[in-house]
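Each remark here refers to the structure printed beneath this line.
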């Protein structure tokens, strides 16, 4: 009898203990499930993807590329219209280009075939026009956004190597350090100066920013065939014609290296 009672007591003790452990396990699991989503929010980041192709007001299509936390058009802008559909003035005459006080564009050497490959050249007035030459959802990069790009790629001294198209199909030799590892495919579209003269096709890529330096100058970025950097300057005034690359309005991708 005592042995039976002892067996029963031990059995009851074990059952109670197991019940307690089961309850404790369930409790801990509930806490774990509550805490886990918070942990996931802190350690997992989800970014929007840009469209693979973007269209300007003329319905020209451009491929895009993600570089760090930014999405860029992978081709030079070639629109002839502002975002609202208004025309940008095509200026072919050198004197008219030199005296323009409103937005204007041209094709290098006034040849439409150049626009197909290298995009068009826009004066600084077109960059600052409130009607916006960038496609909807995109904009002309600020100087700060260009700096974000070059910093992500290792700084001004080496960023050009990441951005320039490789080979000599468009760049002249030596196209120093060009690797295009970022997929930006920068092309040497050259420029049109304040006198309306064309220069440096095959030798330089120059891109406007949206950040004014003063009333007649705006910051821009440039690359050359004979070094691997990408540098900034404001020396050339708004009468110059440079290339345009647009950046996505929304941050995407990896925020840093």
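Applying the set (1) in a strand (DSSP E or B); (2) surrounded by fewer than 18 Cβ atoms within 10 Å (Cβ to Cβ); (3) in contact with a helix residue (DSSP H, G or I) (Cβ under 8 Å, 6 or more places away or on another chain) to residue 213 leaves exactly one unmet item: (3).
Listed here are the residues, each with its yes/no results for (1) in a loop (DSSP other than H, G, I, E, B); (2) at pLDDT below 95; (3) surrounded by 10 or more Cβ atoms within 10 Å (Cβ to Cβ); (4) touching a helix residue (DSSP H, G or I) at 6+ places or on another chain (Cβ under 8 Å).
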{"residue": "16", "(1), (2), (3), (4)": "no, yes, yes, no"}
{"residue": "23", "(1), (2), (3), (4)": "no, yes, yes, no"}
{"residue": "37", "(1), (2), (3), (4)": "no, yes, no, no"}
{"residue": "42", "(1), (2), (3), (4)": "no, yes, no, no"}
{"residue": "46", "(1), (2), (3), (4)": "yes, yes, no, no"}
{"residue": "65", "(1), (2), (3), (4)": "no, no, yes, no"}
{"residue": "79", "(1), (2), (3), (4)": "yes, no, yes, no"}
{"residue": "97", "(1), (2), (3), (4)": "no, no, yes, no"}
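Looking only at the range 217-229, count how many residues are in a loop (DSSP other than H, G, I, E, B) and either within 21 Å of the chain's Cα centre (by Cα) or not assigned by TED's automatic domain parsing to the domain that holds residue 165 (or both). Steps first, answer last, please.
Step one: list which residues in the range 217-229 are in a loop (DSSP other than H, G, I, E, B), which gives 225-229.
Now narrow it down to the ones that are either within 21 Å of the chain's Cα centre (by Cα) or not assigned by TED's automatic domain parsing to the domain that holds residue 165 (or both): 228-229.
The qualifying residues number 2.
Among the residues that make up the range 247-254, is at least one of them closer than 15 Å to residue 163 by Cβ and under 12 Å from the mean Cα position of the chain (by Cα)? Can you show your working first?
So in the range 247-254, the residues closer than 15 Å to residue 163 by Cβ come out as 247.
Narrowing further to those that are under 12 Å from the mean Cα position of the chain (by Cα): 247.
Scanning the range 247-254, I find at least one residue that is closer than 15 Å to residue 163 by Cβ and under 12 Å from the mean Cα position of the chain (by Cα), so the answer is yes.
Quick one: which residue in 193, 226 is modelled with pLDDT of 95 or more and within 19 Å of residue 157 (Cα to Cα)? Please lay out each step first, then the result.
Numbers: 193 fails: within 19 Å of residue 157 (Cα to Cα).
When all the criteria are applied, what remains is 226.
Quick one: would you say residue 140 is more than 17 Å from residue 205 (Cβ to Cβ), touching a helix residue (DSSP H, G or I) at 6+ places or on another chain (Cβ under 9 Å) and crowded, with 23+ Cβ neighbours inside 10 Å?
Values: more than 17 Å from residue 205 (Cβ to Cβ): no; touching a helix residue (DSSP H, G or I) at 6+ places or on another chain (Cβ under 9 Å): yes; crowded, with 23+ Cβ neighbours inside 10 Å: yes.
So residue 140 does not fit the description; no.
Could you look through the range 163-182, keep only residues that are out of contact with any helix residue (DSSP H, G or I) (no Cβ under 9 Å at 6 or more places or on another chain) and touching a residue at least 12 places away in the same chain (Cβ under 8 Å), and pick out the one that is surrounded by the fewest Cβ atoms within 10 Å (Cβ to Cβ)? Going through the qualifying residues, I end up with 173. Taken as a whole, the condition of being under 15 Å from the mean Cα position of the chain (by Cα), in the same structural domain as residue 218 (by TED's automatic domain parsing) and within 15 Å of residue 56 (Cβ to Cβ) does not apply to residue 146. For the range 185-199, check the following and say yes or no: at least one residue is assigned by TED's automatic domain parsing to the domain that holds residue 61 and under 20 Å from residue 148 (Cα atoms). For the range 185-199, residues assigned by TED's automatic domain parsing to the domain that holds residue 61 and under 20 Å from residue 148 (Cα atoms): present.
Return yes when residue 111 is more than 12 Å from residue 244 (Cα to Cα), surrounded by fewer than 16 Cβ atoms within 10 Å (Cβ to Cβ), without any contact (Cβ under 8 Å) to a residue 12 or more places away in the chain and assigned by TED's automatic domain parsing to the domain that holds residue 183 and no when it is not.
Values: more than 12 Å from residue 244 (Cα to Cα): yes; surrounded by fewer than 16 Cβ atoms within 10 Å (Cβ to Cβ): yes; without any contact (Cβ under 8 Å) to a residue 12 or more places away in the chain: yes; assigned by TED's automatic domain parsing to the domain that holds residue 183: yes.
The answer is yes for residue 111.
Residue 126 meets the conditions (1) in contact (Cβ under 8 Å) with a residue 12 or more places away in the chain; (2) surrounded by fewer than 20 Cβ atoms within 10 Å (Cβ to Cβ) in every case but one. The failed one is (2).
Checked against the criterion of being within 24 Å of residue 52 (Cα to Cα), in the same structural domain as residue 146 (by TED's automatic domain parsing) and in a strand (DSSP E or B), the range 230-239 contains not a single residue that satisfies it.
State yes or no: is residue 55 modelled with pLDDT of 50 or more, buried (at least 16 other Cβ atoms within 10 Å of the Cβ) and under 16 Å from residue 244 (Cβ atoms)? Even if it seems obvious, please write down each step before you answer.
Numbers: modelled with pLDDT of 50 or more: yes; buried (at least 16 other Cβ atoms within 10 Å of the Cβ): no; under 16 Å from residue 244 (Cβ atoms): yes.
Spelling it out, it is not the case that residue 55 is modelled with pLDDT of 50 or more, buried (at least 16 other Cβ atoms within 10 Å of the Cβ) and under 16 Å from residue 244 (Cβ atoms).
The values are calculated or read from the model by the stated rules, or taken from the named source; none is laboratory data. Note that this is a predicted model, so its numbers are computed, not measured. Reconstructed Cβ throughout: ideal geometry from the backbone, glycine too, with neighbour counts over all protein chains shown.
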